[in-house]
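The values are calculated or read from the model by the stated rules, or taken from the named source; none is laboratory data. Just so it is clear, the structure is predicted and the values come from calculations on it, not from any experiment. Note that each Cβ is placed from the backbone with ideal geometry, even for glycine, and that neighbours are counted across all protein chains shown. Accessible surface is based on the protein model in full, side chains and every heavy atom, while ligands, DNA and RNA are left aside. Shrake-Rupley method; radii C 1.70, N 1.55, O 1.52, S 1.80 Å.
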Amino acid sequence: MSLRNLPCDPSYTVDVFPPIFVPEEPETSMTTRFIWDSKNMVRFPVNVVRWMPDGRFLVTGSSSGELTLWNGLTFKFETISSAHDTTIRSMEWSHNSEWMISGDSGGIIKYWQPNMNNVKIIQGHSKSVRELSFSPSDVKFVSASDDQQLKVWDFGRGVEEQTLSGHIWEVRTVDWHPQLGMIA
């Protein structure tokens with residue numbers, strides 16, 4: 001079955017398959033028509049977007065420090081909360097879907113429950129937290145920062161376990177291997 005003639009209409013978006021299912025036709029995995037434009041009440045640039053683990057809602061982090069919860073079907077905003085005092089730069093859900101962590105331009109890392117309740121605040125870095133990644137077991141997480149450091153954290157206690165320094169530039173991204181204890 002060829003998907004090259006897939007009509008460009010919102011009703012056909014359910015027929016857009018991930019590239020892994022159609023490796024011979026990767027261009028069919030891209031939507032070819034603009035479907036929706038959503039704006040919240042205050043217009044600020046959005047720096048990070050994450051689907052909630054259930055896939056029904058979307059969370060965005062903006063340059064104003066606000067977290068906005070969007071309905072994943074209608075793309076209308078549900079709620080806006082003042083989450084950080086500075087620009088939100090990173091967000092990541094735990095593998096067990098019970099926690100989200102976020103980082104901002106001031107080096108602050110915050111823990112969130114799925115209901116968007118903030119339960120812990122850590123001064124993680126001296127500059128922007130650019131990326132966060134959980135270990136496969138969710139017991140630890142790693143943060144990357146503009147202060148040229150990666151830090152490994154004990155999630156439960158919220159304490160730094162190790163600092164990986166020696167980078168000569170900002171560390172803009174990090175990812176924990178899905179099965180092993182390797183950090184890239």
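Right, residue 99: touching a residue at least 24 places away in the same chain (Cβ under 8 Å), open to solvent by 60 Å² or more (accessible area, probe 1.4 Å) and under 28 Å from residue 137 (Cα atoms) or not?
Here the answer is yes, as residue 99 does meet what is asked.
Each row is one residue, and each column tells you yes or no for (1) of a type in the set (Gly, Ala, Ser); (2) under 27 Å from residue 81 (Cα atoms); (3) surrounded by fewer than 20 Cβ atoms within 10 Å (Cβ to Cβ).
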residue: 124; (1), (2), (3): yes, yes, no
residue: 140; (1), (2), (3): no, yes, yes
residue: 148; (1), (2), (3): no, no, yes
residue: 153; (1), (2), (3): no, yes, no
residue: 160; (1), (2), (3): no, no, yes
residue: 168; (1), (2), (3): no, no, yes
residue: 177; (1), (2), (3): no, no, yes
residue: 180; (1), (2), (3): no, no, yes
Residue under evaluation residue 117, criteria (1) more than 21 Å from residue 60 (Cβ to Cβ); (2) at pLDDT below 95, criterion not met: (1)
First in the stretch 157-184 and aliphatic (A, V, I, L, M), second anywhere and open to solvent by 90 Å² or more (accessible area, probe 1.4 Å), Cβ under 6 Å, 6 or more apart: 184/175
Give the number of residues within the stretch 57-89 that are on the phi > 0 side of the Ramachandran plot and surrounded by fewer than 14 Cβ atoms within 10 Å (Cβ to Cβ). 1
Out of the residues in the stretch 55-82 that are of a type in the set (Gly, Ala, Ser) and closer than 23 Å to residue 175 by Cβ, state the one that is modelled with the lowest pLDDT. 55
What do you reckon, is residue 41 at pLDDT below 80, touching a strand residue (DSSP E or B) at 6+ places or on another chain (Cβ under 8 Å) and open to solvent by 30 Å² or more (accessible area, probe 1.4 Å)? yes
